[in-house]
Each structure stands twice: as C-alpha cells, then as structure tokens.
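Report on the following structure.
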Amino acid sequence: MKHLHSGKVRDLYELPGGELLMVARDTVSAYDFVLDTLIPDKGRILTQLSLWWFEQLADVLPNHVITTELPEGAPAEWAGRAVVVRRLDMVPVECVARGYLTGSGLKDYASTGAVCGVPLPEGLVDGSRLPEPIFTPTTKAAVGDHDEPMTFAEVRATVGDDVAERLRGLTVEVYRRGAELAAERGIIVADTKIELGWSPEGGLVLADEVLTPDSSRFWPADRWTPGRSQPSFDKQFVRDWLVSPEAGWDRAAGDPPPPLPPEIVDRTRAKYVEAYERLTGRAFV
Ligand SMILES: Nc1ncnc(-c2cnn(Cc3cccc(F)c3)c2)c1Cl
C-alpha cells in the first residue's frame, strides 16, 4: 500500500482499490513533541473509542468507515488500530466546537473578547464553561504551521453560506452529543475537532477520528476548577513528569523530551483504558 501522510500519532495509506487506511500509532504527543516512548495499546484503544462514537453518531450523519478488517499486506501488529475508510473530498476547514474556554480560544478571547469572531460574555477565565457550545473553525494549516482561527464569514467565503451553516450545525451537534454522554460518565469534553468530507453522492460524511482524547480535550469532571489550566484526563501524568526535576529536561533549550519511566507509561495507558471503559461501558480487551 502507498504511504500518503504521517501525523503526530497516525499514518495514512492508500489501498489499491482507492480506499484509505488510517493507522493509529501508540505514540503520545506533549508540549508539541512526539515522545519517543510508546504507550502500549494507545492506538487500539483510541481507534476502538472512535469506532464506538461513529456508531453513536450514525443518526446524526454517515461516516467514512468501510471496515476494520486488516487489508492484504498490512502488518498483523496493526490489527485493531487500522481502519479502511472511504476516500472523501475533504472540506478545507478544521471543524472545531468548544463548550469550554481554554488554549487558543482563551487567547483569542483575551485579545478580542470573542473567539473566531463570536462575542462571549465578559469575565470568562481559563476553563470557563461557555453559555452554549460555539463553532470555532480554523484553517487547515500546512504541516508544521499552526491552524489559524476563521470567522464564520470566512468559512462562508470558503465553502458558501449553505455549507457553512451545515458545518456549524453538524460540528456543534457532534460536540453536544459527545459532551453530554461524557459528562454523565465523569469526563468533560472541553472541545473537539472533527473532519468532514463530501461523499461521491454529494452528502457530508464524518471522517478522520471522532471524540478521542487526541481530537478533543478530555478533563476529569471532578477536578474542574475554572481560573487555572485544567488537568488533562489522559496526558497529565506525562506533562507533569516531563517538567519535574526527575526528568532533567531542559525544555527552554528546545531539547527533545527524555524517555518516560515505565510507571508513567503504565499510568497513562490505564487512563486511556479508563476513558474507553467509562465512555463505552465495554471492557477493553
Ligand atoms: N476519509 C478520508 N478521505 C480523504 N482524506 C482523509 C484524510 C486526509 N488526511 N487526514 C488526516 C489524517 C488522518 C490519519 C492519518 C494522518 F496522517 C492524517 C484524513 C480521510 Cl480520513
């Protein structure tokens, strides 16, 4: 199969029949670095979680999944973390919805009082819950570049008024469904990024991965404290260890992060298993 693209934690291949193969790796990224240390089963856990969300969202919109059967010629070690998907004509907008204010959205708000041109109430702080989830699209920046926020007018100019409305509606609906279900299970989904593409029949189809801790910010609900940066459900052990004296990492020098100790790897794997089992109600095997 032909290698098309490598992301921080995923790879994309083209199959002889024209379909694509998305492969999730066991890598984790922190502080904008892809760490050398693998988290065993992370790729499988997040792939299975995304497949479960595709099922939950089937009444909202169709998705690009064809099969999880490994195609001819794929290494056996990819089993469970590789998905054959329909090739779509991808919408050139990163479709992001936010229910909470943090990260680049908070920066946008701090300097403009709005996020992607959407005005917000005064006095919001890091981690504040928004009155309603908002659509905060960005450009699809080239590799190594940062996505830029887009106003709704810019989305309209890019894809037309009707499609812009549909992107907003679908993105916020996917977010609401995910955030609602996760909140019942003690996980805050602060924001999420989805990718949409056009099917040959001309409908919008949910692509990529959906509502995973890699495409969304997952926070433990019982630790939510607006006014400071919230702990990540899955990445906090990694982040804290990397900046601890024990790691001896000179981050300011731009050095690559050191390898993670086994205990941090194990605790991080356990958080991915926990997120999967709490959300899906299924045991991870
Ligand atoms: N169904 C589709 N049709 C056309 N294009 C895509 C597509 C292109 N790029 N990406 C992002 C990505 C997904 C995985 C691994 C990566 F390295 C990058 C997704 C998809 Cl999912």
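Can you find a residue in the stretch 189-206 that is in contact (Cβ under 8 Å) with a residue 12 or more places away in the chain, over 26 Å from HIS64 (Cβ atoms) and buried (at least 16 other Cβ atoms within 10 Å of the Cβ)? No, the stretch 189-206 contains no residue that is in contact (Cβ under 8 Å) with a residue 12 or more places away in the chain, over 26 Å from HIS64 (Cβ atoms) and buried (at least 16 other Cβ atoms within 10 Å of the Cβ).
Each residue in the stretch 1-33 was checked for being more than 10 Å from the ligand (Cβ to nearest atom), among the small types (Gly, Ala, Ser) and surrounded by fewer than 16 Cβ atoms within 10 Å (Cβ to Cβ), and 3 of them qualify.
Taken as a whole, the condition of being among the hydroxyl-bearing types (Ser, Thr, Tyr) and either in contact with a His (Cβ under 6 Å, 6 or more places away or on another chain) or more than 16 Å from the ligand (Cβ to nearest atom) (or both) applies to THR158. Please find, within the stretch 216-240, the residue that is nearest to the ligand (Cβ to nearest atom) out of those that are touching a residue at least 40 places away in the same chain (Cβ under 8 Å) and hydroxyl-bearing (Ser, Thr, Tyr). Ranking the candidates gives SER229 first.
Quick note: the coordinates plus some simple rules give every number you see, no bench work behind them. Quick caveat, the model's predicted, so the values are computed rather than measured. A quick note on method: Cβ atoms are made from the backbone with ideal geometry, for glycine too, and the neighbour counts reach across all protein chains shown.
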